[in-house]
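All of the numbers you see were taken from the coordinates with simple rules; none came from a lab. All values reported here derive from a predicted model rather than from experimental measurement. Ideal geometry is used to build each Cβ from the backbone, glycine not excepted, and the neighbour counts take in all protein chains shown.
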Amino acid sequence: MLIDLKIGKLTHRDLGQMQMYVNFYDRDVMNDDENPTIGIILCRDKKETIARYTLPEDNTQIFASKYKLYLPTEDELIREVDYVAKRLEGV
């Protein structure tokens, strides 16, 4: 699992960059016995918080069948980022 934390507006470039990292990791780094890599981008700016999953090319069905039961939803991730950000505002 690759995680990218960003401050500011999420862009298509950010999504493409994470997709490139996920594809690179699956192709050149991961071992044969490992599951396909999942990328998570958590992004927060003054107006909103966004969470996005990225998957290896042509593996959208893997997410639904293997990981959806174990990973938080994008909405759950957003709530957690907002919770932590509010706690850190007073620090």
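Normalise the Debye intensity by I(0) for the chain, one equal point scatterer per Cα, no solvent, then take log10 at q = 0.14, 0.26 Å⁻¹ and round to two decimals. Values returned for q = 0.14, 0.26 Å⁻¹ are -0.55, -1.35. Computed over the chain, the per-residue total of -39500 (n - 2.57) for DSSP H runs of n ≥ 4 gives a 222 nm mean residue ellipticity of -10500 deg cm²/dmol, rounded to 500.
Converting phi to 3J(HN,Hα) with the Karplus coefficients 6.51, -1.76 and 1.60 and the offset θ = phi - 60°, the stretch 33-39 yields 8, 8, 6, x, 6, 10, x Hz in sequence order, with x at every glycine or proline. Peptides 76-82, 29-35, 6-12, 50-56 ranked from most to least packed by the mean count of surrounding Cβ atoms within 10 Å: 50-56, 76-82, 6-12, 29-35.
Fully extending the segment from Thr49 to Ala85 would add 12.0 nm, taking 0.36 nm per residue of separation and subtracting the current Cα-Cα distance. Using θ = phi - 60° in the Karplus curve 6.51 cos²θ - 1.76 cosθ + 1.60, the 3J(HN,Hα) couplings for the stretch 77-90 round to 5, 4, 4, 5, 4, 4, 4, 5, 4, 5, 5, 7, 4, x Hz; x is entered for Gly and Pro.
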